[in-house]
Each structure stands twice: as C-alpha cells, then as structure tokens.
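Q: One structure coming up, written as structure tokens, with questions to follow.
The values are calculated or read from the model by the stated rules, or taken from the named source; none is laboratory data. Bear in mind that the values here come from a model prediction, so they are computed numbers and not experimental data. Cβ coordinates were reconstructed from backbone atoms using ideal geometry, including for glycine residues, and neighbour counts include every protein chain displayed. Protein only, heavy atoms only, side chains kept; ligands, DNA and RNA dropped before computing areas. Shrake-Rupley method; radii C 1.70, N 1.55, O 1.52, S 1.80 Å.
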Amino acid sequence: MTATLTTPPATSSTIPLTHGRLPRWAPGLVAVVAIAAAGLFPLLLGWGVVPWVIVSVIFYIGGLTLWAAVVETRRSAVDRMVTSLVWTAFAIALVPLVSLLWTVISKGLPAINSTFLTYSAFRTSLDQPVGIYHAIMGTLVITFCAAVISVPIGIFAAIYLVEYGKGNRLARGITFLVDVMTGIPSIVAGLFAFSMFTLFFGAGYRSGIGGAVALSLLMIPIVVRSTEEMLRLVPDDLREAAYALGTPKWRTITKVVLRTSLGGIITGVTLATARIIGETAPLLLIAGLTTRTNMNPFDGFMTTLPVFIYSQFQKGTPADFDLAWGTALVLVVIVLLLNIAARVIGKIFAPKTGR
Amino acid sequence: MAKSIDVSELDIYYGDFLAVQGVNMTIQAKSVTAFIGPSGCGKSTFLRSLNRMHEVIPGARVEGKVMVDGQSLYEPNVDPVAVRRQIGMVFQRPNPFPTMSIYENVLAGNRLNAKKMKKAEADEIVESSLRGANLWTEVKDRLGRPGMGLSGGQQQRLCIARAIAVQPEVLLMDEPCSALDPISTSAIEDLIHELKTEYTIVIVTHNMQQAARVSDETGFFNLKAAGEPGHLVEFNSTQKMFANPDNESTEAYISGRFG
Ligand SMILES: Nc1ncnc2c1ncn2[C@@H]1O[C@H](COP(=O)(O)OP(=O)(O)OP(=O)(O)O)[C@@H](O)[C@H]1O
Ligand SMILES: [Mg+2]
C-alpha cells in the first residue's frame with residue numbers, strides 16, 4: 001500500500017485533458033454540404049423534395065459523425081450522432097402537427113366571419129346566413145356539465161386512493177377499474193348513457209345531459225389518474241409537518257396536500273376537458289342533432305362542434321365543407337385556449353420557491 | 001404547563017420489523033432530555049412514538065405504555081390530533097410548507113386549525129417565535145416571501161419557530177441542529193435553555209458536546225447487533241453519563257471508541 005502511495009502515479013501525464021474540437025461552424029458546413037450533395041439526386045435522377053430531405057439528413061448525420069470521429073474523440077462523435085438523431089425524431093414528430101394546423105387554418109379561416117359565430121344553422125329563409133352559434137353553445141354546455149360531474153368524482157376518488165386507500169383491496173380494485181375505464185371506447189360510453197337514459201326516461205330520450213354523462217365516463221379516469229399523480233408528488237414530510245402541528249387529517253388534505261398540488265390538479269382537469277371536448281360518437285347517439293340553439297341540457301337535442309362537423313361532411317356540398325372546416329378551426333382554437341389556460345393556471349398555483 | 005412522560009416496556013414496529021425494543025424511562029417535566037446513539041438505532045423512531053407520529057407510517061404500530069402526566073397515550077379513546085397539539089415536533093429534515101410565506105409558515109399551526117386571531121396578535125406571535133428561533137433579524141424584512149426561499153439552516157429555524165408558535169407543552173426535536181452553523185446552533189441551544197423553564201424538551205443529537213451542554217438527562221440507544229432491534233442501553237443524568245457511565249458501551253460510544 002505505502003509503496004504505491006509514495007510513487008507518483010505514472011499514468012497521470014498520459015491522460016490528456018484536451019482533445020481536438022470541431023469548429024463552431026462545423027455542423028452548419030456539414031449541413032450545407034449534405035444538402036448540396038443530396039441535391040444531385042433530384043437533379044440527375046429527377047427525385048422529389050421528400051427523398052432529397054431524407055438523403056440530406058442521412059448525409060448530414062453520417063458526415064458529421066465521421067468528421068467528429070476523426071478530429072474529436074469517440075465519445076463526442078457518438079454525442080453528435082445521437083444529438084442529430086434526436087433532433088431528426090423531433091422534426092418528424094412535428095411534421096403531422098404542423099401540417100394539420102396548416103390545413104385547418106388555411107381551409108377554416110375563410111369561413112370565419114361575424115355571422116358564422118353568432119348565427120345558428122337554423123334558417124327561416126334561404127338568404128339568412130348560417131353559423132355555428134348553436135354548436136359552440138352546445139359544446140360549452142355539454143362540456144361544462146361533463147366537467148361538473150367528473151371533477152368532484154375524479155378528485156375525491158384520487159384523494160381516497162392516495163390518502164386513505166394506500167394499497168388496500170378497495171383501492172387496488174378502484175385503480176384496476178379506473179384503468180379499465182381509461183380504455184373504454186367512446187362509442188361504448190355513449191351506448192351506456194343512451195341505454196341508461198332510455199331505461200329511466202323511456203325510448204327516444206335525447207338531451208345534452210345524456211351526452212355529458214357519456215363524456216364524464218371518459219373524463220373521470222383521466223381526472224383520477226392525473227390527480228393521483230399530483231397528490232403522490234406531495235412529499236410525506238409536509239403531511240407529517242401538518243400532523244405534528246396538531247392538524248386533523250382532513251384539514252391536512254385540504255389545506256396542505258390539495259393546496260400544494262392545486263396547480264397540477266387544475267392543469268390535469270383542463271387537459272382532460274380538452275381531451276373530451278372533441279368527442280363525437282357518444283354525442284351522436286345521445287345528444288342528437290339539431291340546427292337550433294338549445295341552452296337547456298335537460299331538454300331537447302343539442303349539437304356540439306364535432307357532431308356539427310360530422311353532419312356537414314355527411315351533407316357533402318362544397319358550402320357544407322367550408323362550414324365544417326371553419327368549425328374545425330373553432331374547435332382547435334378552443335382546445336388550444338384550454339391548453340394555454342392549463343399552463344397559465346399551473347404556473348400561477350405552483351408552489352413558489354422564492355429563489 | 002409542562003408534562004412529564006413515563007415510558008414502560010415500549011416495543012415499536014414497522015409492520016413486522018421490530019425497530020425498538022423494551023424501552024423504559026421517565027422524562028422529567030421542565031427539563032431537557034437528550035438521546036444519543038449510532039445511526040439507525042431507533043432514536044427518531046422512539047421520539048416519534050412519543051407524540052403518536054409513528055402511526056402515520058402505514059403498518060407502523062407500538063406495543064407498551066406511554067404515560068403523559070398520568071394519561072396513557074395509546075388508549076383507544078385518545079385522539080392523536082389532540083396529543084400532537086400538546087406535544088410538538090421539529091423534524092430531522094427542514095420541511096416548511098412550500099405554498100406559504102415565511103409569515104404564514106410560522107402561523108401554520110394556528111391557520112391550519114382555523115384559529116381566529118387579530119392581526120396584531122398574529123404579528124406578535126410571528127415576531128416572538130422568530131426571535132425565539134433566532135431568525136427574526138434575518139427575515140423581518142421579507143416575511144411575505146416564500147419559506148422555501150430560505151437556506152437550509154434558515155428553513156430549519158423556521159420550522160422551530162413554527163413548532164413553538166403553537167406553544168406545545170412538550171417539544172420533541174429530532175437533530176434540530178444537524179443543518180445549522182455554530183452560531184445558529186448556539187442560538188438554538190440558548191433557546192432550549194429558555195424554553196425548558198416552561199416546556200419539557202426531548203432532543204435527539206449526534207453531537208456529544210451538545211448533549212452535554214443542553215441536557216439534564218441523557219439516554220443512550222444502541223443496537224444489540226446488526227439486524228437486532230434498537231434498545232435503551234442507559235438512561236442517567238447527563239453529568240453522570242459523561243463522567244462515569246454505568247455501562248461500558250456507553251463510555252465507549254461517548255469517548256469515541258465505538259465498535
Ligand atoms: N418508515 C420506515 N419503515 C420501515 N423501517 C423504518 C422506517 N423508518 C426507519 N426504519 C427503520 O427503523 C430503524 C430505526 O430508524 P431511525 O430512523 O429511528 O434511526 P435513528 O436512530 O433516528 O438514526 P439516525 O441517527 O440516522 O437518524 C432503522 O433500522 C430503520 O431502517
Ligand atoms: Mg433519526
């Protein structure tokens with residue numbers, strides 16, 4: 001032992017602390033060269049843009065990795081390769097999103113004007129403008145009712161699972177059922193609501209509340225899951241701190257656990273709402289189809305935006321298509337607003353670190 | 001106001017795992033009692049069983065008797081919430097409430113129990129508690145800032161202020177100074193000296209000098225062997241413990257010749 005300690009480590013001078021680095025502009029240069037080189041294929045063989053892009057990316061990744069392997073170390077070559085692959089995957093993931101948004105905006109924007117948003121599709125004379133006011137209101141009312149049903153049930157179920165159930169039989173059963181519910185096809189939820197309301201109110205009963213019940217079947221498991229995650233994130237230290245001050249369990253839950261996770265819970269609820277707002281199939285069954293504005297969820301047919309889009313595509317004239325695309329844009333904007341709201345609310349209620 | 005605690009034949013379990021076995025001791029009212037012992041021997045576990053915080057952990061249970069001023073803590077009709085209101089606790093790791101400001105953190109014990117009080121009264125409690133924990137001068141200009149924005153040692157003193165703000169009759173402290181600098185440590189020790197005129201204080205510490213400085217009586221916990229439950233080796237007046245303890249292993253531990 002002492003001998004090895006007293007001799008200076010012989011290897012210290014052979015471990016270099018520096019190695020060659022590619023210049024900052026290296027990736028840019030490789031990109032230009034790769035695009036230019038891959039450009040030969042469209043020029044000579046008449047390929048389209050898509051193969052050109054694909055070949056460019058392959059050239060870029062290969063070229064940069066090789067160059068880094070020669071000049072830099074093995075590790076940084078792998079680093080550059082994986083970094084490029086991750087960016088490529090990210091770009092591929094963005095393609096459908098951007099193209100979807102582009103299609104909806106370019107086709108939907110021309111349809112949107114003031115009468116489009118303020119008139120219903122019900123016309124008393126042929127020169128009257130057609131709008132989607134009835135569907136906007138239908139969507140808002142039904143979604144609101146679904147949220148009113150699902151949020152308390154979902155949050156209370158999650159509180160039970162995390163704070164009281166902790167791995168007992170009932171809790172495990174509930175978790176299992178929630179998992180099953182997550183996988184229920186929406187049309188089955190619609191059938192369930194339809195048969196339930198038929199059972200209670202007789203055949204042919206249709207109303208917005210039926211749609212809300214069907215949607216809440218889809219929303220509850222999402223709310224339970226997201227709330228559960230958030231409650232589990234609250235450290236036990238905080239619960240114990242509250243208990244040690246002589247706080248009863250229910251106050252600890254309401255004032256410490258829920259308060260600490262409030263931002264996350266609201267975000268989860270908002271995202272769950274955004275998720276169900278686009279449901280079509282169950283509402284076709286139970287909420288019906290109408291051209292008139294109906295604000296009463298307990299009586300009469302009620303049309304939502306997705307159902308309206310579907311019915312417009314069924315009709316099939318170019319004018320109907322335009323209306324459908326405009327409606328789609330409105331729906332996308334609503335979902336977008338909900339997502340933004342979720343982020344803002346999450347920020348506002350997040351625990352402050354003060355640093 | 002202060003209360004004495006009588007423990008007899010206490011066994012403490014985590015599920016099937018027996019963590020601490022057969023503890024007998026009497027903790028005097030209006031005095032400071034220190035627990036020392038190697039890591040993992042069950043000091044925190046025992047301390048938590050004194051205010052029924054132990055049972056908060058799923059599966060955790062206790063067998064034996066803990067009497068506080070003649071009242072048995074583990075009788076079925078005893079309300080653990082009421083127990084914890086009278087027996088406060090400072091934890092090993094600082095745990096201020098992240099959603100609350102410094103001011104609200106100090107008042108948490110009152111606010112969480114929806115106790116109504118006037119602004120002046122609340123201000124008074126906040127100032128005196130923070131002064132007591134030697135934190136007042138550092139935070140008096142930023143009482144509205146989040147408690148999580150403080151340094152680790154400041155957070156621990158905030159937790160001490162929070163615990164004394166509800167004026168418990170017994171204060172249990174689990175290594176309250178392990179994250180503190182010598183100045184704050186000595187402030188906490190001064191605080192302990194002050195508090196002991198009114199409160200019963202039980203403190204766990206790894207610092208022998210601290211145990212010698214602040215406590216009137218000391219208990220030494222140890223493991224019989226690795227994998228065996230922890231137990232109380234010796235419980236004596238601090239003076240005797242540090243001068244000539246009855247037990248050999250106590251002397252070995254205190255003088256640093258352990259293991
Ligand atoms: N939540 C728990 N679940 C199961 N076992 C636990 C739990 N907490 C502690 N234990 C076990 O109980 C024994 C005593 O632990 P305890 O935390 O009381 O030790 P300690 O004396 O406070 O140690 P330290 O000085 O490191 O804080 C240890 O064997 C530990 O592994
Ligand atoms: Mg401990």
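Q: Mind checking which helices (runs of 4 or more DSSP H) fall wholly inside region B:112-204 and carry at least 3 residues that are more than 14 Å from chain A (Cβ to nearest Cβ) and open to solvent by 50 Å² or more (accessible area, probe 1.4 Å)? Steps first, answer last, please.
A: Values: elements: B:119-132, B:136-139, B:152-165, B:182-195.
Output list reads B:119-132, B:182-195.
Q: Name the single residue that is farthest from ligand 2 (Cβ to nearest atom) among those in region B:38-48 being surrounded by fewer than 23 Cβ atoms within 10 Å (Cβ to Cβ) and not in a helix (DSSP H, G or I).
A: Per the stated criteria, the residue is B:P38.
Q: Cβ-Cβ below 8 Å, separation at least six or inter-chain, first residue in region B:7-18 and within 16 Å of ligand 2 (Cβ to nearest atom), second assigned to a loop (DSSP other than H, G, I, E, B) and of a type in the set (A, V, I, L, M): which pairs?
A: These pairs meet every condition: B:Y14/B:I57.
Q: For the subset of region B:49-80 comprising residues that are over 22 Å from B:D216 (Cβ atoms) and assigned to a helix (DSSP H, G or I), which member is nearest to ligand 2 (Cβ to nearest atom)? Outline the logic, then answer.
A: Going residue by residue through region B:49-80, those that are over 22 Å from B:D216 (Cβ atoms) are B:52-65, B:71-80.
Filter once more, keeping what is assigned to a helix (DSSP H, G or I): B:54-56, B:80.
On the way: B:H54: 12, B:E55: 17, B:V56: 15, B:P80: 21 Å.
Among them, the one singled out is B:H54.
Q: Given (1) open to solvent by less than 10 Å² (accessible area, probe 1.4 Å); (2) β-branched (V, I, T); (3) away from ligand 1 (no atom under 11 Å from the Cβ); (4) over 24 Å from B:L195 (Cβ atoms), where does B:I12 come up short, assuming only one miss?
A: (3)
Q: Could we say that B:R85 is at the interface with another protein chain (Cβ under 9 Å from one of its Cβ atoms) and away from ligand 2 (no atom under 16 Å from the Cβ) here?
A: Working: at the interface with another protein chain (Cβ under 9 Å from one of its Cβ atoms): yes; away from ligand 2 (no atom under 16 Å from the Cβ): yes.
Here the answer is yes, as B:R85 does meet what is asked.
Q: Quick one: is B:G219 touching a residue at least 24 places away in the same chain (Cβ under 8 Å) and under 27 Å from B:E127 (Cβ atoms)?
A: Numbers: touching a residue at least 24 places away in the same chain (Cβ under 8 Å): yes; under 27 Å from B:E127 (Cβ atoms): no.
Answer is no for this residue.
Q: Would a scan of region B:219-231 turn up a residue that is at pLDDT 90 or above and touching a Lys or Arg at 6+ places or on another chain (Cβ under 7 Å)?
A: Within region B:219-231 (the criterion being at pLDDT 90 or above and touching a Lys or Arg at 6+ places or on another chain (Cβ under 7 Å)), the answer is yes, since at least one residue qualifies.
Q: Out of all the residues in region A:192-247, which are among the aromatic types (F, W, Y), more than 14 Å from chain B (Cβ to nearest Cβ) and open to solvent by less than 30 Å² (accessible area, probe 1.4 Å)?
A: To start, the set of residues in region A:192-247 that are among the aromatic types (F, W, Y) comprises A:192, A:194, A:197, A:200-201, A:205, A:243.
Among the residues that remain, those that are also more than 14 Å from chain B (Cβ to nearest Cβ) are: A:192, A:194, A:197, A:200-201, A:205.
Result: A:F197, single match.
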